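The block underneath contains the structure these notes are about, expressed in structure tokens.
Every read-out reported here was derived from the displayed coordinates using simple, explicitly stated rules and does not represent laboratory data. The shown structure was predicted, so the numbers you read here are calculated from the model rather than taken from an experiment. Reconstructed Cβ throughout: ideal geometry from the backbone, glycine too, with neighbour counts over all protein chains shown.
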Amino acid sequence: MPHSVRESFECEGGIVVGVDGSESSIHALHLAADEARCRGAALHVLCAWSVRVVPRPADCPPGQVPSMVEYEQEVRRRISARVAGELGDQLPFEIEIDVVHAPPNQALVDASRSADLLVVGHRGRGTIRERMLGSVAEHCVRHAQCPVLVARPREANQANAHGAADELSRPNSA
């Protein structure tokens, strides 16, 4: 039976985090992992992709056009390796890595319908734009069906005159 490329994602609760490999999304991954650990919830790492932005699979011979399934497998391999490198192999909670062939804003909002929390990276760049939400984060904040945590860049947190933080406050349990 041929494998088909996934174009949507649903979960049964838990924390969904959008990861594309950027620094902002890796920061969101760490925050989502902390939140999943605190809640005892599953962590769903969601990567939305398109052929335009995915590197060609390394094992595809020159002159051959990779299939959509091969692209999807390459995305899964890269994101899985990055998540393992960031979070390690020994995690005290359930983690699932899902890749979908869809625009990121659509994939994340669709996933929010069944998630308990959606975590996304803040995508601003430059000195002025770093305080502005990126288009995917803004779309999620406006349209998600669950609470959204936007992971702001660490530099922006340190420079924020109002002292806003990106991390959820937790009382010390010690």
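Between Ser8 and Arg76, the distance separating the two model label sites (each 7 Å from Cα on the Cα→Cβ line) works out to 2.0 nm.
Normalising by residue count, segment 15-159 has a Cα convex hull of 120 Å³ per residue.
Each residue, Arg39 and Arg56, gets one label point 7 Å from its Cα in the Cβ direction; the gap between the two is 4.1 nm. In a fully extended conformation the segment linking His143 and Glu86 would gain 17.6 nm over its present Cα-Cα distance, using 0.36 nm per residue. Averaging the Cα positions of each part gives two centres, and for segment 100-125 and segment 12-30 these lie 9 Å apart. Each peptide in 51-62, 26-37 was scored by the mean count of other Cβ atoms within 10 Å over its residues; highest first, the order is 26-37, 51-62. When each of the peptides 113-122, 99-108 is scored by the mean number of other C-beta atoms lying within 10 Å of its residues, the order from highest to lowest reads 113-122, 99-108.
Label sites at Ser67 and Gln106, each approximated as a point 7 angstrom past Cα along Cα to Cβ, lie 2.3 nm apart.
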